[in-house]
Each structure stands twice: as structure tokens, then as C-alpha cells.
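Following: one structure in C-alpha cells, then a few remarks.
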């Protein structure tokens with residue numbers, strides 16, 4: 001991945017030879033081993049197995065940080081005065 005600046009925007013990500021793939025976190029509930037697997041968003045979950053005990057891995061869902069800027073996001077913005 002190459003980062004560069006353009007005239008109209010500040011920072012832009014340019015993809016080189018291959019596509020950037022998202023990483024997904026998995027955990028084995030039996031032996032508590034963590035795994036990170038890289039696969040396409042378009043690809044279905046293949047059902048990964050633990051390398052140690054060969055039981056199915058469970059996908060870990062984590063919180064996503066979001067910042068809302070501007071008007072219309074606070075409860076005080078739409079109150080009648």
C-alpha cells in the first residue's frame with residue numbers, strides 16, 4: 001500500500017499490485033488460542049479449525065470506534081427552545 005497526496009484531498013491510499021484484504025480474529029474456545037485470518041470480504045467464512053485441537057474456531061467481534069462530527073448528532077440539537 002502506498003500513501004500519497006493529491007491536489008484536492010489530503011491523504012489518499014493507493015493500492016499497488018494486489019488488493020488489500022481485511023483481517024478477521026478467531027479464537028478456539030477449547031484451548032483459548034487466538035488466530036488472525038486474512039480473507040476477502042466477498043468470500044464466505046470457510047469454517048477454520050484450531051491447529052492444536054482441530055475444533056472449529058469462533059469469530060471474535062470487536063467494537064468499532066466511531067466519531068460523529070457536525071450538527072445533528074446530539075440530543076440537544078433538535079430540542080425546541
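Relative contact order, whole percent, for the stretch 21-63 stands at 44, derived from Cα pairs under 8 Å and 6 or more residues apart. Extents of the stretch 21-63, largest first, come to 28, 23, 11 Å (Cα atoms, principal axes, whole angstrom).
None of the figures in this text is laboratory data; all of them are computed from the coordinates on show. Please read all numbers here as calculations on a predicted model, not as lab measurements.
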